[in-house]
Amino acid sequence: MTEDLIQLQPDPIDVATLIATASDPQAGGIAVFLGVTRAEDNPAGRALIALDYEVYSGMAVRQMHDLAARTREQWPVLRLALVHRSGRVPVGTASVAIVVSTPHRAEAFAACQWLIDTLKSEVAIWKKEVWSDDTASWSKTPKT
Amino acid sequence: MRIRVKLFAVLRERAGTDHVVVDLPEPARPRDVCDLLLAKYPQLHGVIGSAAVAVNQSYATLDDMLAENDEVAFLPPVSGG
């Protein structure tokens, strides 16, 4: 079994590479989740142009490895890729990608859902909303 | 004892720095670091209270015992994903 692919990166996420990494002859399903910056307006009527992600890199990477280990305790994961971006992520662009392969599809869906939910509630990453009038605000409610 | 402190997100912005080194008498706990930060950066009042604390990159409590050169981080509610 190869190592899980876990990383924080400032660069755009190459999903095709992650899917190739997570492919396995024993897999019956590969679930892919992308968290994408959603377009929205703030109460002042300004449009969101991007999210700026701040990371506690050492801790966040350790936590992501821990999430991978906890996923493997719950589901028969063959391969797993978990990548989160740091820095500015424009609207319409993925900030996080999770790819999980398992023998059967239900396990892949369940593992993927648990990973994104737990990542959002635990991992030391913060998003700041950047608006079209150059103002910015720390995100108060978890959103993807 | 020397403690390395890291601040993130709104705490980093309010303090105007992402790290600070503090010197505390032994024994010291994250709670003592928090008190010292509030004295040094009163603008952290109202935001540091809702922060989680991590010692050496693992979640901890305000009452854990610290050791020389530990890294103590104050983490506002996370919002990754």
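The values are calculated or read from the model by the stated rules, or taken from the named source; none is laboratory data. The structure presented is a predicted model; accordingly, all values stated were derived computationally and were not measured. Virtual Cβ from ideal backbone geometry, glycine too; neighbours counted across all protein chains shown.
Below, the figures for the structure above:
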quantity	calculated
Scan of the range A:31-47 for residues that are under 22 Å from A:Pro12 (Cβ atoms) and away from every other protein chain (no Cβ under 14 Å), ordered by number	A:Ala31, A:Val32, A:Ala39, A:Glu40, A:Ala47
All strands (runs of 3 or more DSSP E) inside the range B:1-57 with 2 or more residues being closer than 17 Å to B:Pro77 by Cβ and out of contact with any Asp or Glu (no Cβ under 7 Å at 6 or more places or on another chain)	B:52-55
Residue identified as more than 14 Å from chain B (Cβ to nearest Cβ), within 29 Å of B:Asn56 (Cβ to Cβ) and modelled with pLDDT of 95 or more among A:Arg62, A:Arg72	A:Arg72
Matching residues, the range A:15-60, being surrounded by fewer than 13 Cβ atoms within 10 Å (Cβ to Cβ) and under 27 Å from A:Ser121 (Cβ atoms)	A:Arg38, A:Ala39, A:Glu40, A:Asp41, A:Pro43
Residue in the range B:7-23 that is in contact (Cβ under 8 Å) with a residue 60 or more places away in the chain, farther than 18 Å from A:Ser57 by Cβ and crowded, with 19+ Cβ neighbours inside 10 Å present	yes
Filter result (within 14 Å of another protein chain (Cβ to nearest Cβ) and in contact with a strand residue (DSSP E or B) (Cβ under 8 Å, 6 or more places away or on another chain)) within the range A:49-59	A:Leu51, A:Asp52, A:Tyr53, A:Glu54, A:Val55, A:Tyr56, A:Ser57, A:Met59
Contacts under 9 angstrom Cβ, first residue in the range B:43-56 being within 11 Å of chain A (Cβ to nearest Cβ), partner outside any loop (DSSP other than H, G, I, E, B) and of a type in the set (Lys, Arg), 6 or more apart	B:Val47/B:Arg14; B:Ala54/B:Lys6
Criterion: in contact with a helix residue (DSSP H, G or I) (Cβ under 6 Å, 6 or more places away or on another chain) and away from chain A (no Cβ under 14 Å) - qualifying residue of B:Leu62, B:Leu66	B:Leu62
Candidate set from the range B:69-81 (those that are more than 11 Å from every other protein chain (Cβ to nearest Cβ) and in a loop (DSSP other than H, G, I, E, B)); member that is farthest from B:Met1 (Cα to Cα)	B:Asp70
